[in-house]
Amino acid sequence: MRGRAAGKVSTWEDQAENWARWARAPGDEYWVYRDAFFGTIVPPAGRLTLEVGSGEGRVARDLVARGHQVVGVDTSPTLLRYAKAAGPGACYLLADGAALPFADGSVDLVVAYNSLMDVDDMPGTIREVFRVLGPGGRLCACVTHPFADAGELVGEGPDARFTLTRPYFGRHRFEGTGRRDGLTMTFCGWTYALEEYAMALANVGMLVELLREPRPAAASASNAAGSTFPMFLYIRALKPRGG
């Protein structure tokens, strides 16, 4: 659930320093939801796991800790620098999700954690994911829930109400600024209806195996809304053998 901000359109490279601080500080939703993602969506490690939109590397580091051989790609040189400096274990490349520098069928697993709504070409990125996955390979993705993207909470506490603030259907640009514990981060990307993610997968021949709307594992001021309505959506999709 992300609000709008006026002024210059931001990019993730513009916000790289802010994101590195935000992502590594306690209180981000990632630390609340990650165990459900790794525990229910991500399969065991294979030959090679590719992370699309690896950012400052926290997902890649968690994948490595779970035995995966990881290559992360991102379009932000600054975030890649932060990821590489965080320690060995994963390899990082500057690349666009819609033009992946990998051979056909060379990857067992693709992870896209909160990145499919940020790439400029979501259907093109899914086409590339399909191309680089081997038969039987999987895409595991987390996105901001399309429902949450369509509105915002009005008020505070248990009496807060969710109100639609933009059309649910279609592709819409978003840019919103969050503040937490003295940190400021401007998020930027796109909103999509659930159908658009499903169609992008179906159009390349991927089959949805799992769809989950996780609830927060712990209560906090920042994630309390997640107990009332879904904040994130988990998807696991399969590239069929022979596909």
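The values are calculated or read from the model by the stated rules, or taken from the named source; none is laboratory data. Keep in mind the model is a prediction, meaning the values are calculated, not measured. Methodologically, a virtual Cβ is constructed for each residue, glycine included, from the backbone with ideal geometry; neighbour enumeration extends over all protein chains shown.
When ALA16, ALA45, ALA99 are checked against the criterion of being touching a Phe, Trp or Tyr at 6+ places or on another chain (Cβ under 8 Å) and hydrophobic (A, V, I, L, M, F, W, C), ALA16 stands alone in meeting it.
Scan segment 164-173 for residues that are under 17 Å from the mean Cα position of the chain (by Cα) and modelled with pLDDT under 85 and the total you get is 0. Checking the stated criteria, GLU175 turns out to be more than 15 Å from LEU238 (Cα to Cα) and in contact with a Lys or Arg (Cβ under 7 Å, 6 or more places away or on another chain). Number of residues in segment 76-116 that are of a type in the set (Ser, Thr, Tyr), touching a strand residue (DSSP E or B) at 6+ places or on another chain (Cβ under 9 Å) and either modelled with pLDDT under 95 or more than 19 Å from PHE37 (Cβ to Cβ) (or both) equals 3. The residues of segment 88-101 that are more than 19 Å from the chain's Cα centre (by Cα) and more than 11 Å from ALA60 (Cα to Cα) amount to a single one, PRO101.
Could you check segment 33-100 for strands (runs of 3 or more DSSP E) lying wholly inside it with 1 or more residues that are free of Cβ contacts under 8 Å to residues at least 60 places away in the same chain and surrounded by fewer than 23 Cβ atoms within 10 Å (Cβ to Cβ)?
Fully inside segment 33-100 and qualifying: 70-74, 90-94.
Exactly one residue among ALA200, ALA150 is on the phi < 0 side of the Ramachandran plot, among the aliphatic types (A, V, I, L, M) and buried (at least 20 other Cβ atoms within 10 Å of the Cβ), and that residue is ALA200. Within segment 195-229, how many residues are in contact with a strand residue (DSSP E or B) (Cβ under 9 Å, 6 or more places away or on another chain) and either modelled with pLDDT under 95 or basic (Lys, Arg) (or both)? The number of residues fulfilling the criteria is 8. The residues in segment 162-177 that are surrounded by 15 or more Cβ atoms within 10 Å (Cβ to Cβ) and either of a type in the set (Lys, Arg) or in contact (Cβ under 8 Å) with a residue 24 or more places away in the chain (or both) can be counted, and the count is 6. Listed by position, the strands (runs of 3 or more DSSP E) inside segment 140-203 whose residues that are of a type in the set (Gly, Ala, Ser) and in contact with a Ser or Thr (Cβ under 9 Å, 6 or more places away or on another chain) number at least 1 are 151-154, 172-180, 183-191. For segment 111-138, the set of residues classified as crowded, with 20+ Cβ neighbours inside 10 Å and either among the acidic types (Asp, Glu) or more than 23 Å from ALA16 (Cα to Cα) (or both) consists of ASP118, ILE126, GLU128, VAL129, PHE130, VAL132, LEU133, GLY137, ARG138, listed by residue number.
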